[in-house]
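Input: a single structure, listed below in structure tokens.
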Amino acid sequence: MYRQTKIVATLGPATDDPEVLAALLQAGVDTVRVNFSHGSATDHRRHFETVRLAASKVNKEVAILADIQGPKIRIARFTEGSIELHVGHLLTIDADHDPDNGTVDIVGVDYPSLHNDVRPGHRLRLGDGEIVLEVVSVKGKKIQCRSLSVAVLSGQKGINLEGGGLSAGAITDKDKHDIQLAAELGANFVALSFVRSTDDIQQGRALVKQVGGQAAIIAKIERAEAVHIIEDLVAEADGVMIARGDLAIEIGEAEVPGVQKQIVKVATCLNKPVIIATQMMESMIHTQVPTRAEVSDVANAVLDGTDAVMLSAETAVGKYPEVVVKTVVDVCMSAEKYHSNIPNLPEYNQFQNIEQAVAFAAMHIANGMTVRAIIALTESGKTALLMSRIRSGIPIYGLSRHADTRQKMMLYRDVVPIAFDVLASAYFEVNYNAVALLETHGYLTHGDVVILTKGDYMGGTQGANAVKVLTVGSVKKGLKAEASWTGN
């Protein structure tokens, strides 16, 4: 059995040991997340080097996702480290206040324009949303709030506006440097935080291109405004991450499950990969057994049709990172047995391009007969991605000569990337060599029926334009008639 759903794991102190990281990759991690909210450029370089070395050691393709911090708005620090709040406690938030000397009455904030975005009656959610402050008045930069919570409030807690509406731009000066650094280091994906417009995505992509990077742009959906324009954002991005922590604070916890399903559906229809993140196995930071609710959460993400589920603190700082990964693998594979593999064949009035037509034709054939596997000979990974949007439960083997393409395919549901250089074979021997490679890996046996997609002009940018149905054992090494037919 193979696992259809991919696993993203966050690096941190718990994974600094190269042996631990290698064990996580062997346990089932497909993509690693480097969190640029923490650490220096030197730290990030070390993480990238460690990941590539660990991947080489275990002989596995692994994608690297650079998660950019974005405009995380935080209160400043308290002189005593923290204060105690009670219901009705009045606390003023003032951007002009000394950032190191907050008191029980007043504290600074690192966002100078906060006073422009709030008005009396608005609610501010601090930390992970558990602390609620209601705005009483706004005078200049002084925002007087009434606590609706009983809690200990420490410095540097994040602030969200319930319902959304903060005007802070998605890409800060720090982010610009981090995006370019990630691209220089060879990140396969760059995740932009707090995206609120297609302009944010275009700006991120431009920054990647400025340094010659190949990273695909992942839009993190965590603002209320983003939900309202989700189709536009998904269409512009190369993929999306449903970042449920800040999203829940902005739209309300009860809205998240339904919105999650909506976003997965939109992403699938628009041929983009989707990651579901935040608190997937939160209790396993400290324990070796998940709660039943966490198991159901991961399973439901699989049943929703997500490409990947993401672990955050569970692997970054947790006590049992390898146990967590193995647990998620088990849950994903169990859920996949119950996932409906009735083909999700969209009704196209007109295909957008030849590759989409080829992908649709291949999956239509695959779901109409007994097929063991689908082979996509691909330069960019696009055909494999398009086929993976049509859920079938049939493994798609993405064969590519490009490391970056293979690594990106590690995020696509149903896709197994394999190194294969189409230019090392004569055109009329490619089919034979591709099938033989999968036989060598143990993926195929004599008599299996497979579907193969490829382009006539291999090694170029034209893309796939052909579909073949092959039977393992009957593929001949020298089909020169095929070369004659293509004009080669």
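The values are calculated or read from the model by the stated rules, or taken from the named source; none is laboratory data. These figures come from a predicted structure and were not determined experimentally. Don't worry about glycine lacking a Cβ; one is built from the backbone with ideal geometry, like all the others, and counts go over all protein chains shown.
Results, tabulated for the structure shown:
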| read-out | value |
| --- | --- |
| Test: residue in region 19-27 that is under 18 Å from the mean Cα position of the chain (by Cα) and in a helix (DSSP H, G or I) | yes |
| Selected residue (criterion: farthest from the chain's Cα centre (by Cα)) from residues of region 218-269 that are of a type in the set (D, E, K, R) and crowded, with 21+ Cβ neighbours inside 10 Å | Glu250 |
| Complete set of residues in region 387-417 that are among the acidic types (Asp, Glu) and closer than 23 Å to Gly213 by Cα | Asp404 |
| Pairs, first closer than 14 Å to Lys139 by Cβ in region 80-97, second assigned to a loop (DSSP other than H, G, I, E, B), C-beta under 6 Å, six or more apart | Asp94/Lys141; Ala95/Pro112; Ala95/Lys141; Asp96/Lys141; His97/Gly108 |
| Residue ID - surrounded by the fewest Cβ atoms within 10 Å (Cβ to Cβ), chosen from residues in region 1-18 that are out of contact with any Asp or Glu (no Cβ under 8 Å at 6 or more places or on another chain) and part of a loop (DSSP other than H, G, I, E, B) | Met1 |
| Positions within region 394-437 being closer than 18 Å to Ala366 by Cβ and without any contact (Cβ under 8 Å) to a residue 24 or more places away in the chain, in sequence order | Ile396, Gly398 |
| Unmet criterion (only one of (1) more than 30 Å from Lys408 (Cα to Cα); (2) within 28 Å of the chain's Cα centre (by Cα)) for Asn59 | (1) |
| Qualifying position, being modelled with pLDDT of 90 or more, over 33 Å from the mean Cα position of the chain (by Cα), assigned by TED's automatic domain parsing to the domain that holds Met363 and loosely packed, with under 13 Cβ neighbours inside 10 Å, among Thr440, Thr445 | Thr445 |
| Restricting region 160-200 to residues that are part of a strand (DSSP E or B) and modelled with pLDDT under 95, the residue that is farthest from Asp117 (Cα to Cα) | Asn160 |
| Strands (runs of 3 or more DSSP E) wholly inside region 119-159 that include at least 2 residues being within 35 Å of the chain's Cα centre (by Cα) | 123-126, 131-139, 151-154 |
| Boolean, Asp117 is loosely packed, with under 14 Cβ neighbours inside 10 Å and within 30 Å of Asp200 (Cβ to Cβ) | no |
| Number of the condition not met by Gly252 [criteria: (1) closer than 30 Å to Glu134 by Cα; (2) modelled with pLDDT of 95 or more] | (2) |
| Region 320-336 residues that are in the same structural domain as Ile275 (by TED's automatic domain parsing) and modelled with pLDDT of 95 or more, paired with ones that are aliphatic (A, V, I, L, M) and in a loop (DSSP other than H, G, I, E, B) (beta carbon under 6 Å, 6 or more apart) | Val324/Met281; Val325/Val29 |
| Flag for Ile64 being in contact with a strand residue (DSSP E or B) (Cβ under 9 Å, 6 or more places away or on another chain), part of a strand (DSSP E or B) and closer than 30 Å to Phe48 by Cα | yes |
| The lone exception for Gly129 - which of (1) crowded, with 16+ Cβ neighbours inside 10 Å; (2) modelled with pLDDT of 95 or more; (3) out of contact with any Leu (no Cβ under 9 Å at 6 or more places or on another chain); (4) not assigned by TED's automatic domain parsing to the domain that holds Gly245 it fails | (2) |
| Of all residues in region 381-408 being of a type in the set (Val, Ile, Thr) and touching a Leu at 6+ places or on another chain (Cβ under 9 Å), the one that is modelled with the highest pLDDT | Thr383 |
| Region 24-38, residues that are surrounded by 15 or more Cβ atoms within 10 Å (Cβ to Cβ) and over 12 Å from Ala182 (Cα atoms) | Leu24, Leu25, Gln26, Ala27, Gly28, Val29, Asp30, Thr31, Val32 |
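Yes/no matrix, rows are residues, columns are (1) part of a helix (DSSP H, G or I); (2) modelled with pLDDT under 85; (3) surrounded by fewer than 18 Cβ atoms within 10 Å (Cβ to Cβ):
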position	(1), (2), (3)
Met410	yes, no, no
Leu423	yes, no, yes
Leu452	no, no, no
Gln462	no, yes, yes
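Every residue, every condition in (1) over 23 Å from Val240 (Cβ atoms); (2) of a type in the set (Ser, Thr, Tyr); (3) touching a Gly at 6+ places or on another chain (Cβ under 7 Å), yes or no:
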{"site": "His364", "(1), (2), (3)": "yes, no, no"}
{"site": "Met369", "(1), (2), (3)": "yes, no, no"}
{"site": "Ile374", "(1), (2), (3)": "yes, no, no"}
{"site": "Leu386", "(1), (2), (3)": "no, no, no"}
{"site": "Arg391", "(1), (2), (3)": "no, no, yes"}
{"site": "Gly398", "(1), (2), (3)": "no, no, yes"}
{"site": "Val415", "(1), (2), (3)": "no, no, yes"}
